[in-house]
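Notes follow the structure.
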Amino acid sequence: MNKLMIVAAAAVLSTTAWAQSTSTTEKTGVNSVLGMAPSTQDFVTEAATSDMFEIESSKLALERADAATKTFAQQMITDHEKTTAELKGLVASGKVKANLPSAMTDKQQSTLNDLKARQGDDFNKQYHSVQVDGHEDAVDLFKRYGDNGDQPDLKSWAAATLPHLQHHLDMANGLNK
């Protein structure tokens, strides 16, 4: 019985150590599953690339979507340009030690390319779907870093930004009604 508990504890500790050291696919990785805060670099990368995708996909929605979706898209552009500027300011000031990515992830670019190939209701449905998924991921990411992040200024920013992202998620869910 004691050997079993020791093996179980070792497995948890090794999984925890691995989760803290992994830096790829934060949104779907072990940190997310375990509810652990991402590293500062992972958080900055995920937040920045998410903003890039939100802005670009929403610009596309302004060209192709129905009126309600265009209103939502304009709000996403405005809000995510603001969070991009805030995050860049934290990094540029030296308060946050991390590198900002220069482009979206390959998956985000692929999703954007898929949206570009769609029109009408097909575009609206897919845009709504990716907005819900993206904001669910962002709410989870910002909550985990805001609760347990290791960099105080970034942790405060994540916690302060979280209610806006939750509102975006609520709005995105409302588009499907």
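A short reminder: the numbers here are calculations on the coordinates, not readings from a lab. In this text, all values refer to a predicted model and were calculated from it rather than measured experimentally. When we count neighbours, we look across all protein chains shown, and the Cβ atoms used for this are built from the backbone with ideal geometry, even at glycine.
Computed quantities for the displayed model
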quantity: Region 112-177: radius of gyration and largest Cα-Cα distance (Dmax), Å; calculated: 14.6, 44
quantity: Whole-Å semi-axes of region 48-177's equivalent ellipsoid (Cα gyration tensor); calculated: 27, 15, 12
quantity: Of K82/K116; K59/K143; K59/K88; K59/K82; K88/K155, pairs whose Cα-Cα distance is over 18 Å; calculated: K82/K116; K59/K143; K59/K88
quantity: Positive minus negative residues near V96 (Lys, Arg vs Asp, Glu; Cβ under 12 Å); calculated: +1
quantity: Sorted by Cβ neighbour density within 10 Å, fewest at the top, the residues K155, K116, K177, K97; calculated: K177, K97, K116, K155
